[in-house]
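To start, the structure under review is shown below, and the notes come after it.
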Amino acid sequence: MKGIKKILLGLLVILVIIQFIQPARNKSGQAMPNDISKMVAMPDDVQGILKKACYDCHSNNTRYPWYANVQPLNWFLDNHVQSGKAELNFNEFGAYTSRRQQSKLRSIENSLKDGTMPLSSYTLIHRNAILSEAEKSLITNWVQKSKDSLNKKNF
């Protein structure tokens, strides 16, 4: 019994200590000159959908939920955000090469068709990020127009 109490006390101490090790927040608060909305026309409804379902992981401005203050959950969240931004960052879209921009737009389209985005681990807690078929269709149509628009700019 004494051994179990020592182990539990040790775990509690470690849990308290790791609360002070917080990764930097993903919040720039600045206007983004390379934002996708400056590269291609983006209707307000499309931007609203992307902000509610994608921007937390795919932009420089994450809306942090309450559990982001609890370790090790915040490390898990930070890992998702960093991975998401590495894959696609809407705020840095203009800095991508034209080929990469086209590729990212195709990836958005494919992710919607495959149902791989938004992640199920994200929509489990953020129920408003679950996209309806109408929202998916709206984004898919916007992606098609955006790809065409970028093609014209590059020729």
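The values are calculated or read from the model by the stated rules, or taken from the named source; none is laboratory data. This one's a predicted model, so the numbers in the text were calculated from it and none came from an experiment. Here the Cβ positions follow ideal geometry from the backbone for every residue, glycine too, while neighbour counts run over all protein chains shown. Note: accessible area is taken over every heavy atom of the protein model, side chains too, but ligands, DNA and RNA are not part of it. Shrake-Rupley method; radii C 1.70, N 1.55, O 1.52, S 1.80 Å.
Just a few scattered comments:
- One residue alone among ASN74, ASN61, ASN34, ASN79 is in contact with a Pro (Cβ under 7 Å, 6 or more places away or on another chain) and of a type in the set (S, T, N, Q), and that residue is ASN74.
- Condition met for LYS145 (more than 13 Å from MET39 (Cα to Cα), more than 15 Å from the chain's Cα centre (by Cα) and among the basic types (Lys, Arg)): no
- ASN79 being open to solvent by 30 Å² or more (accessible area, probe 1.4 Å), modelled with pLDDT under 80 and farther than 27 Å from LEU150 by Cα: yes
- Count - residues of the range 40-49 that are crowded, with 19+ Cβ neighbours inside 10 Å and either in a helix (DSSP H, G or I) or out of contact with any Leu (no Cβ under 8 Å at 6 or more places or on another chain) (or both): 2
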